[in-house]
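All remarks here apply to the structure that follows.
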Amino acid sequence: MAVAKSARDYQAFRISPQDTNRIATIFDPRTAASSLAVCVEIFDEAGKTPLHRHQMAVEMFYILKGEALATCDGRILRLYPGDSILVPPTGLHELCNAGSGRLYVLCIMVPNEDFVEMIQNGIPADLDEEDLRVLRRSDCLVPC
């Protein structure tokens, strides 16, 4: 059965208190009935993920808004809205907010590799109006 959600349904978390990013989970293994994680990572200015790797998962990052520096196995890429990067299993990687304002990144990871469980065991965080505008894509609508 298809599962539908709206931006107001998404729950956001910080994995740990010192994190400079929040992660809004969209679909997880329970709702998708499949081992995947779909989320939007929201980075404050100068925010970043720690350098890390996944043993089995392929992870894709798609830039929705902002500017990122992505590092994977020593290669550094500057990413802008519409750009993406696919990180292979065991790829040592991190993502950093390289612009002014927040960075919004769609993240899809398959298999889940307990990523969603780690997120949801973190600290609940709010999505503010700016976040909801980006998640609804109303931030890029042209007024009539």
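The values are calculated or read from the model by the stated rules, or taken from the named source; none is laboratory data. Please read all numbers here as calculations on a predicted model, not as lab measurements. Positions of Cβ are generated from backbone atoms using ideal geometry, with glycine treated the same way; all protein chains shown enter the neighbour counts.
If I ask for residues that are outside any strand (DSSP E or B) and closer than 17 Å to Ala12 by Cα, which ones from region 37-76 would you list? The answer is Asp44, Gly47, Thr49. Criterion first (part of a strand (DSSP E or B), crowded, with 19+ Cβ neighbours inside 10 Å and out of contact with any Gly (no Cβ under 7 Å at 6 or more places or on another chain)) does Val134 satisfy it? Against the criterion (part of a strand (DSSP E or B), crowded, with 19+ Cβ neighbours inside 10 Å and out of contact with any Gly (no Cβ under 7 Å at 6 or more places or on another chain)), Val134 does not qualify. Residues that are among the basic types (Lys, Arg), surrounded by 17 or more Cβ atoms within 10 Å (Cβ to Cβ) and assigned to a loop (DSSP other than H, G, I, E, B) occur in region 98-109; there is at least one.
List, please: which pairs have Cβ atoms under 7 Å, are six or more places apart or on different chains, and start with a residue in region 22-34 that is at pLDDT 85 or above and end with one that is in a strand (DSSP E or B) and among the small types (Gly, Ala, Ser)? Listed by first residue and then by second, the contacts come to Arg22/Ala12; Arg22/Ala125; Ile23/Ala12; Ala24/Ala12; Asp28/Ala37.
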